[in-house]
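For reference, the structure discussed in these notes is given below.
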Amino acid sequence: MITRQSRILQALAAAGIAGLALTACSAGGGGETAATDETATTEESTDAAAGDVPSWCGPEEITFGLLDGFGGNSWRLVTTASGEEEAKKCPSVTEYLYADGQGDTQKAISDIQSMVATGVDAIVVFPDAGEAMLPALRSSYEAGVVTVPYRVNPGGQDGVDYDVWIGADFFQSGRDWAQWTLDNFPDGAKILFLSGPAGNSQGEDEATGFKELLTDSKYEFIGEQPFEVTNWDPALTQQVLTAAIAKYPEIDIIFSDFGPSLVGALPEFTKSGRPIPALATSDGNLLGCFWQEQQDAGNGFEMMSVATGNDNVRLAVQTAIALATGGEVPEKGEGFVHPKFEDSVSGSPSAVQCRDDLPGDIYLSAQLDGDTQASLLK
Amino acid sequence: MANTATMKSTKRVGLSKGVGTVLIALIVLVAAGFLLAPSSVSTGAILGMLPFAAVLAIIGLGQMLVVQQGGIDLSVPGAMSLAVVIISHYPTGDDSLLLPALGIAVIWAVGAGVLNAFLIGYIGLNPIIATLGTNALLFGAILGISGGTPRATAPLLRAIAGDRTFGIPNTIYFALLALLIVTVIVKKTVAGRRFEASGASKPTAMIIGLNVKAHNGLSYIWAQLLYLMGGVLLAGVTSQPTAYMGNTYLLPSVAVVVLGGTSLLGGRGFPLATILAALFLRQLDQFVLALGVPYAVRTLVQAAAFVIGVAIYTIDWREVRRRFQEMSRSSSGKEHS
């Protein structure tokens, strides 16, 4: 249906949109689903050849769409592949579609609208723009499409504005970091917390989570509250951390919800003649290997990580497909909990992992194994 | 556009104005740092700031060459991001592939430059439109090559761009090299003098037989090569770049050129002042960060710095004073009658 050539043209159109967005005259609402990907239906039958159809996969045949608000980093690439892998476990999914909003809210909205218009039966949406995505989600839901936003809270209510929101339990990540801090710094610590864009709900939830446990005044939070704004941009992270190193003579622990983005910045400590502080963060092969390198170079530091949560998408995909195909809907609970992953002190559930034969931007905590992730990056 | 440049001759009193203004601003900023936010002028903070200043300086030099020709280059984000993507994507962590990747990046940079040169220098399109189009094409290439996903930088590049030699970040040496090359070529060679002359006044340059189109077009190619250099260094400095690293460099690239005293109407360029302006902007970031003000205030302060910087050069303050005097004279005259 969509030839390779037209896909390239669409990619160029998408690029044009991205370019225009730079000049603040965002023209993303052009109505075309640029960069829509489609996979051959024949592959699915082989993928599901094992015969064990999961319980969430019902008998009704559907077209399924996965929509990203922003697909431009390796985390999203792995997440998208995980979502696709999950969808293909169900033979009732006859067609799989993907669209990337490229960080442009208008494009993300028009992606949803055009997917609904092409007659998709179920969509899973990463609503990066938060509440700005709610009207599009609602109109999709009202058009009878199974609509499952995940991870970022779009506001609204389950069963009113969309079928169900599969959030991530960021409070728990915060509590996990806090527990590790209590265990390893019983005498108190000065803690610096780095998160993404100003006011992002993930960072706020994590802060609420760890402040629940770290109530004692011997735990001091330094820097801008509730978190230092880094936009999850490695360059800005580096600038922010440099300023913090200069400003605070003592930083004992850094909390960060994007561990690998710290790797460019942490050597600043060594360069200023200070030890690298302990880290409580999210995992990434780059970070694990950096930890190993520093250990070998005699600049060792302690760290723990929670899984970055690529598998959040799996729960969302299962739920959407179950609702659309008439399968068994999985339990939602409090949303996706990021399992604890690495702990350099206790070694449980795992010691710090590094696969230096694989690229830095894979996530060993994901279900999708390291080698498969690496092949995605080729 | 360029014939108005002759009217601006009063502003081009010499190298000293741009360098002087930026130097004073920088000194004031450092002094304010000592008084209000001492951590912003500590060794660690300065050394952490320098690599980013160096990258901005190199990008600024590229933009300056274009602005000198009375043009403007809006393809900075695409060009830088593409350089980041190519240099991180092809090697995917393998040092031995860095050099071939650099070769590919150079081909792309020259290609983008030639496209800009053709559209603007030869066909005579408006540079805003043409470079915006090129920018979109470059983003197409970024998505085509990487699917919008760069890789972690290869360790060798991380070492080259991130390490220090004699206590100074390596990126500074690259910025100084770029400054040296641009200054020598533009100020000391015949071709460079012709380049500057054709930017100052196109009609005059045409009358004396200079190939104005070629000079105008070439500026875009040189600029692309400088963006490439900046992008590659930025990839090395940040270890885990994103696919759109160049996006935050468009406005600053123009700002440093303007702060450095180069007229947006074209003409004489001030490479040293441009570099100092880059230093100023990045130190301003560091200063505001060290003050510990909220993110919103940080953004406002930076915006204010742009506005003040532009106002210093572009507003004819003597004329403003004269008008104010006239206004007060006429209003006081009315009162008497």
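The values are calculated or read from the model by the stated rules, or taken from the named source; none is laboratory data. Everything numeric in this text was worked out from a predicted model, so none of it was measured. Neighbour counts run over all protein chains shown; Cβ positions are idealised from the backbone, glycine included.
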Only one of (1) assigned to a helix (DSSP H, G or I); (2) more than 14 Å from every other protein chain (Cβ to nearest Cβ) does not apply to residue B:237, and that is (2)
Residues of region A:126-152 being outside any strand (DSSP E or B), within 16 Å of residue A:79 (Cα to Cα) and among the charged types (D, E, K, R), which ones?
A:128
Quick check: is even one residue across region A:91-105 within 14 Å of chain B (Cβ to nearest Cβ), crowded, with 24+ Cβ neighbours inside 10 Å, polar (S, T, N, Q) and out of contact with any Phe, Trp or Tyr (no Cβ under 6 Å at 6 or more places or on another chain)?
yes
Of all strands (runs of 3 or more DSSP E) fully inside region A:218-294, the set with 2 or more residues that are within 22 Å of the chain's Cα centre (by Cα) is A:253-256, A:278-282
Take residue B:243 and decide whether it is within 14 Å of another protein chain (Cβ to nearest Cβ) and either out of contact with any helix residue (DSSP H, G or I) (no Cβ under 7 Å at 6 or more places or on another chain) or surrounded by 24 or more Cβ atoms within 10 Å (Cβ to Cβ) (or both).
yes
Do we have residue B:71 as assigned to a helix (DSSP H, G or I) and closer than 14 Å to residue B:220 by Cβ here?
no
Based on what the data block shows, is residue A:273 surrounded by fewer than 16 Cβ atoms within 10 Å (Cβ to Cβ), among the small types (Gly, Ala, Ser), within 14 Å of another protein chain (Cβ to nearest Cβ) and farther than 20 Å from residue A:205 by Cα?
yes
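This table checks each residue for (1) touching a strand residue (DSSP E or B) at 6+ places or on another chain (Cβ under 7 Å); (2) in a loop (DSSP other than H, G, I, E, B).
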{"residue": "A:154", "(1), (2)": "no, yes"}
{"residue": "A:177", "(1), (2)": "yes, no"}
{"residue": "A:181", "(1), (2)": "yes, no"}
{"residue": "A:204", "(1), (2)": "no, no"}
Mind checking which pairs have a first residue in region A:279-305 that is surrounded by fewer than 22 Cβ atoms within 10 Å (Cβ to Cβ) and a second that is in a helix (DSSP H, G or I), Cβ under 6 Å, 6 or more apart or different chains?
A:299/A:270; A:300/A:294
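Matching residues to (1) buried (at least 18 other Cβ atoms within 10 Å of the Cβ); (2) touching a helix residue (DSSP H, G or I) at 6+ places or on another chain (Cβ under 7 Å); (3) aromatic (Phe, Trp, Tyr):
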| residue | (1), (2), (3) |
| --- | --- |
| B:205 | yes, yes, no |
| B:213 | no, yes, no |
| B:227 | yes, yes, yes |
| B:271 | yes, yes, no |
Hey, residue A:89 farther than 15 Å from residue A:62 by Cα and in contact (Cβ under 8 Å) with a residue 24 or more places away in the chain or not
no
Just one of B:328, B:263 is in contact (Cβ under 8 Å) with a residue 12 or more places away in the chain and among the hydroxyl-bearing types (Ser, Thr, Tyr); which is it?
B:263
Just checking, how many residues over region A:330-355 are in a loop (DSSP other than H, G, I, E, B) and closer than 21 Å to residue A:73 by Cβ?
4
By residue number, the members of region B:31-67 that are within 14 Å of another protein chain (Cβ to nearest Cβ) and either at pLDDT 90 or above or touching a Pro at 6+ places or on another chain (Cβ under 8 Å) (or both) are B:47, B:50, B:51, B:52, B:53, B:54, B:55, B:56, B:59
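Can you give me the number of residues within region A:238-251 that are buried (at least 18 other Cβ atoms within 10 Å of the Cβ) and more than 10 Å from every other protein chain (Cβ to nearest Cβ)?
1
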Could you check residue A:327 against (1) within 14 Å of chain B (Cβ to nearest Cβ); (2) in contact with a helix residue (DSSP H, G or I) (Cβ under 7 Å, 6 or more places away or on another chain) and say which number it fails?
(1)
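Here is a yes/no grid of residues against (1) surrounded by fewer than 22 Cβ atoms within 10 Å (Cβ to Cβ); (2) of a type outside the set (Phe, Trp, Tyr); (3) farther than 15 Å from residue B:233 by Cα:
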| site | (1), (2), (3) |
| --- | --- |
| B:34 | yes, no, yes |
| B:65 | no, yes, yes |
| B:76 | no, yes, no |
| B:79 | no, yes, no |
Scanning region A:180-237 for residues that are in contact with a Leu (Cβ under 8 Å, 6 or more places away or on another chain) and among the hydroxyl-bearing types (Ser, Thr, Tyr), which turns out surrounded by the fewest Cβ atoms within 10 Å (Cβ to Cβ)?
A:181
Residues located in region A:150-172, provided they are of a type outside the set (Phe, Trp, Tyr) and in contact (Cβ under 8 Å) with a residue 40 or more places away in the chain
A:151, A:152, A:153, A:163, A:164, A:166, A:167, A:168, A:169, A:172
If we scan region B:143-151, do we find a residue that is within 25 Å of residue A:373 (Cα to Cα), facing chain A (nearest Cβ under 8 Å) and not in a loop (DSSP other than H, G, I, E, B)?
yes
Close pairs (7 angstrom Cβ cut-off, 6 or more residues apart or separate chains): more than 14 Å from every other protein chain (Cβ to nearest Cβ) in region B:68-79, in a loop (DSSP other than H, G, I, E, B) and at pLDDT below 90 anywhere:
B:68/B:262; B:68/B:266; B:68/B:267; B:68/B:269; B:69/B:266; B:70/B:1; B:70/B:265; B:70/B:266
Restricting the first residue to region A:313-339 and requiring it to be under 12 Å from residue A:58 (Cβ atoms), which pairs with a second residue that is polar (S, T, N, Q) and in a helix (DSSP H, G or I) meet a Cβ separation below 9 Å and a spacing of at least six or different chains?
A:327/A:318; A:329/A:318; A:329/A:319
Out of all the residues in region A:360-378, which are touching a helix residue (DSSP H, G or I) at 6+ places or on another chain (Cβ under 6 Å) and within 11 Å of chain B (Cβ to nearest Cβ)?
A:360, A:361, A:362, A:376
Of everything in region A:104-125, what is within 19 Å of the chain's Cα centre (by Cα) and either free of Cβ contacts under 8 Å to residues at least 60 places away in the same chain or in a helix (DSSP H, G or I) (or both)? Give them in sequence order.
A:105, A:108, A:125
Can you work out which of the residues in region B:114-142 that are of a type outside the set (Gly, Ala, Ser) and without any contact (Cβ under 8 Å) to a residue 24 or more places away in the chain is farthest from the other protein chains (Cβ to nearest Cβ)?
B:123
Which pairs do you get when a residue that is on the phi > 0 side of the Ramachandran plot, found in region B:286-305, comes within reach of a residue that is basic (Lys, Arg), reach meaning Cβ atoms under 9 angstrom, with the pair 6+ apart or on two chains?
B:292/A:247
